[in-house]
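Report on the following structure.
The values are calculated or read from the model by the stated rules, or taken from the named source; none is laboratory data. Keep in mind the model is a prediction, meaning the values are calculated, not measured. Cβ: placed from backbone, ideal geometry, glycine included. Neighbour counts: every protein chain shown.
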Amino acid sequence: MSETTREPDARRLATEARDRVRFEEDALALSDQVYRVARHLVGSREEAEDLMQETYARAFRSWRSFQPGTNLRAWLLRILTNLNIDRGRRQQRTPDQQPLEESDYFLYNRLEAAADGGTSDEQRVVERLSQNDVVAALSEVPHDFRDVVVLVDIGDFTYADAAQILDIPIGTVMSRLHRGRRILKQAMAETAVGGEE
Amino acid sequence: MTAADPCSHCEEMMQPFMDRVLTDVERAEAETHLDECAYCRKRYRFEEHLRVFVRHAVQAEPMPIELKTKLQELRTPLQ
């Protein structure tokens with residue numbers, strides 16, 4: 001082998017190694033944000049931790065398929081949601097039937113009614129819910145709806161990003177998001193004032 | 001027109017309003033109604049507040065430090 005063929009080869013390898021290191025650093029820098037979303041796509045912390053490790057292992061293996069300049073956080077979450085679906089983790093948790101959600105003013109109306117015409121500060125009532133209550137209410141939302149709510153409202157993804165991550169049309173993202181938020185509010189109402197209907 | 005109509009229309013507009021996906025005309029329509037209607041205004045304000053509250057409540061749990069270490073260990077070793 002001559003020097004002339006070895007040198008460009010070595011340079012190529014060095015460039016690739018540098019790109020890979022940068023990719024891995026960028027991906028790890030996003031891990032907190034990815035975790036916050038992952039934590040609420042699955043039922044438990046343990047599942048979220050397993051899923052994060054599988055996702056990063058897969059991402060580090062297939063880093064070459066990431067297109068620099070595109071949204072890395074969305075790319076990582078696409079891997080994560082696909083792994084989550086592949087594992088069938090979601091199946092056992094959610095029944096097939098979809099709940100009937102109430103209207104958008106429902107939670108406010110319930111809190112107002114519960115205050116019984118007295119001095120109702122509805123915002124305070126909601127704030128009496130603990131973090132755990134909100135997390136529990138969110139986990140009651142069926143996964144199809146929850147995935148979208150988590151990506152858009154917690155992960156701050158656009159409708160278009162969420163559509164790409166979940167591989168569904170934008171119109172489906174919007175309708176699931178709207179219904180998912182209503183279901184969440186219903187679950188919160190039950191926690192805040194009890195489901196006495 | 002009955003009084004309930006504009007309010008239920010306003011309720012329908014609430015999520016797209018807050019997501020900023022209404023057209024200019026629809027948005028102006030909703031704003032006009034909100035200016036006149038305390039019933040809807042209170043509910044919109046509540047919703048805004050609720051979204052922030054939910055986001056904070058749900059994001060509060062940080063990633064466990066051990067997980068961070070495990071992810072670091074998945075990195076490709078440097079040759």
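Please give the helices (runs of 4 or more DSSP H) falling wholly within the stretch A:1-72 in which 2 or more residues are in contact with a Lys or Arg (Cβ under 7 Å, 6 or more places away or on another chain).
Details: elements: A:3-29, A:31-41, A:45-61.
Hits in the stretch A:1-72: A:31-41, A:45-61.
Search the stretch B:22-60 for residues being among the β-branched types (Val, Ile, Thr) and touching a helix residue (DSSP H, G or I) at 6+ places or on another chain (Cβ under 8 Å), and hand back the single one that is modelled with the lowest pLDDT. Let's see the steps before the verdict.
At the first step, the residues of the stretch B:22-60 found to be among the β-branched types (Val, Ile, Thr) are B:23, B:25, B:32, B:52, B:54, B:58.
Checking the rest, the ones that are also touching a helix residue (DSSP H, G or I) at 6+ places or on another chain (Cβ under 8 Å) come to B:54, B:58.
Details: B:54: 90, B:58: 85.
Among those that are among the β-branched types (Val, Ile, Thr) and touching a helix residue (DSSP H, G or I) at 6+ places or on another chain (Cβ under 8 Å), it is B:58.
With respect to residue B:66, determine if the residue is surrounded by fewer than 16 Cβ atoms within 10 Å (Cβ to Cβ) and either out of contact with any strand residue (DSSP E or B) (no Cβ under 9 Å at 6 or more places or on another chain) or of a type in the set (Phe, Trp, Tyr) (or both).
On the way: surrounded by fewer than 16 Cβ atoms within 10 Å (Cβ to Cβ): yes; either out of contact with any strand residue (DSSP E or B) (no Cβ under 9 Å at 6 or more places or on another chain) or of a type in the set (Phe, Trp, Tyr) (or both): yes.
Against the criterion (surrounded by fewer than 16 Cβ atoms within 10 Å (Cβ to Cβ) and either out of contact with any strand residue (DSSP E or B) (no Cβ under 9 Å at 6 or more places or on another chain) or of a type in the set (Phe, Trp, Tyr) (or both)), residue B:66 qualifies.
Only one of A:15, A:55 is under 20 Å from the mean Cα position of the chain (by Cα), of a type outside the set (Lys, Arg) and either crowded, with 20+ Cβ neighbours inside 10 Å or over 21 Å from residue A:85 (Cβ atoms) (or both). Can you tell me which? Walk me through how you get there before you give the answer.
Values: A:15 fails: under 20 Å from the mean Cα position of the chain (by Cα).
Matching residue, one of A:15, A:55: A:55.
How many residues does the stretch A:153-168 contain that are touching a helix residue (DSSP H, G or I) at 6+ places or on another chain (Cβ under 6 Å) and not in a helix (DSSP H, G or I)?
Going through the stretch A:153-168 one residue at a time, the tally reaches 2.
Filter the stretch B:53-79 down to the residues that are charged (D, E, K, R) and within 7 Å of chain A (Cβ to nearest Cβ) and list them by number.
Looking only at the stretch B:53-79, we keep the residues that are charged (D, E, K, R), and these are B:55, B:61, B:66, B:68, B:70, B:73, B:75.
Once the filter is applied, which keeps residues that are charged (D, E, K, R) and within 7 Å of chain A (Cβ to nearest Cβ), the stretch B:53-79 yields B:55, B:61, B:68, B:70, B:75.
Give the residues of the stretch A:143-167 that are in contact with an Asp or Glu (Cβ under 9 Å, 6 or more places away or on another chain) and over 18 Å from residue B:18 (Cβ atoms), sorted by residue number.
Hits for the stretch A:143-167 are A:146, A:165, A:166.
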